[in-house]
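A short worksheet on the structure shown next.
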Amino acid sequence: MNTALINAFRKYGIDRSMWRMLLGFAVAEGNNPSGNPTLGFVDYQLPGIGTDLDSHVKALADQLQYRLPVAGPFPASGTEYDQAKWMAVVVGQVGSPSDWQGNAQPSQAHYINSIVTNMPAQSEIDALGGKLVEKLLDYDRSIVPQETGYWCGPAATQVVLNTRGVVRAETDLARRIGTTTNGTNYVGLIEAVLDTELPDAWYTSVYLEQDPPTAVQKEALWNNLVNSINAGYGVVMNWVAPPSNYPRGVNGSVSPRYGGGTVYHYVACMGYREDGGFRSVWIADSGFQPQGYWISFDQCATLIPPKGYCFAAVPAPKPEEPKPPQDDFEKWMKSRTDRELIEWLVEQMGPGNPDWKSRGDTLRDKVWSL
């Protein structure tokens, strides 16, 4: 059961920092006579939600996202009680006499303690969790918001430059990119400026005209953005987001507040994460709060067509290979100062010394041969 839950958590972008608490929550909901049919994925009462585990975890993920503004960020570094209390707020378990169906509910304290009591050992989560790979570039979060309604392209460019220590004004970038009140025509205009500012990065534009992209295009996108970010360079993406595909936050991120129909927008991809096969990317979004969030890579790949993205094609720096250890005596002998000292000692021990016995090459010859 726990393995199936973990796989479903990954599928719907539920951050692993929540897993232990949610496994305790699952048992608590199963033991709760009133249950919570909206969220209890072991309680199959709510009409319209399938009775399979996947459907209930999806409903849970949607509710976690919906209630984040009320409950606040998940207290990942808090105590077990803090985390369980956060979940009680998410599900609306505030100790009221009954739920919306009129079923009697336990007190909030009892409910919280039930979650805590049923949390599995952290070692079990670690064993189920598998490998997590994450890379997030550092950049000045204060510069992310765009200064006009149509400078999202220059703003994304500004963030990508900032992570390399290059500071440029948005107005200057807008002029150089050729951005007008209609926005930035295509990502290649941004690439041209990045090539000027960061010539060693080899920025390259790729256009995904087919919607949805092919599996090959999608894998190339992942490899390109991973290699670019590993090399220390952000990726500029041109998105088309209809209302049915507004970006949805994962890994505990609040979804950005898109609205007003189809959104044509540039963003900066500044990080990636791979957790047991679930891929996600970190987006610096100049136009919409919270202006920094994780979304699934799968969704990201659907937001780019029919537009494009530009990434740094420079290879990631190879880690330095450890040099073979050098003999301490050899290093000492190769020092000029020490070598001169040895020469002086040799002179003192030379043929004038009755104990000196030459065997062909002298110690002095050996020293200077190094």
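Sorted by average packing, counted as other Cβ atoms within 10 angstrom per residue and highest first, what order do 228-238, 159-169 take?
Peptide ranking by packing, descending: 228-238, 159-169.
Each principal axis of the Cα atoms in the range 102-200 has its own extent, and those three values, largest first, are 63, 39, 22 angstrom. Note on the range 135-312: along the principal axes its Cα atoms extend 40, 37, 31 Å, ordered by decreasing extent.
Measuring between their Cα centroids, the range 182-240 and the range 122-146 lie 22 Å from each other. The phi-based Karplus calculation (6.51 cos²θ - 1.76 cosθ + 1.60; θ = phi - 60°) puts the 3J(HN,Hα) values of the range 257-264 at 8, 6, x, x, x, 5, 9, 9 Hz, whole numbers, x for Gly and Pro. Ordered by the number of other Cβ atoms lying within 10 Å of each residue's own Cβ, fewest first, D298, D138 fall into the sequence D138, D298. Couplings for the range 4-19, taken from phi via the Karplus curve 6.51 cos²θ - 1.76 cosθ + 1.60 with θ = phi - 60°, read 5, 5, 4, 5, 5, 4, 4, 4, 9, x, 7, 4, 5, 5, 8, 4 Hz in order; Gly and Pro are left as x.
Amide H contacts under 5 Å for G292: D285, restricted to partners 5 or more places along the chain or on a different chain, H placed in the peptide plane at 1.01 Å from N.
About its Cα centre, the dipole of the range 141-241 is roughly 220 debye, where the only charges are +1 on Lys and Arg Cβ and -1 on Asp and Glu Cβ. Across the range 135-312, the relative contact order, built from alpha-carbon pairs under 8 Å that are at least six residues apart, equals 29 percent.
As a rough guide to protection, the peptides 175-182, 62-69 ranked by mean Cβ packing within 10 Å, highest first, stand as 62-69, 175-182. The Cβ shell under 13 Å around S253 holds other residues with a net charge of +1, Lys and Arg each +1, Asp and Glu each -1. Shown for K131, K85: other C-beta atoms within 10 Å of each C-beta, ranked fewest to most, produce the order K131, K85.
Computed from the coordinates by the stated procedures, all read-outs in this text should not be read as laboratory data. What you are looking at is a predicted structure, and each value in this text was computed from that prediction instead of being measured. So basically every Cβ, Gly included, is an ideal-geometry build from the backbone, and we count neighbours across all protein chains shown.
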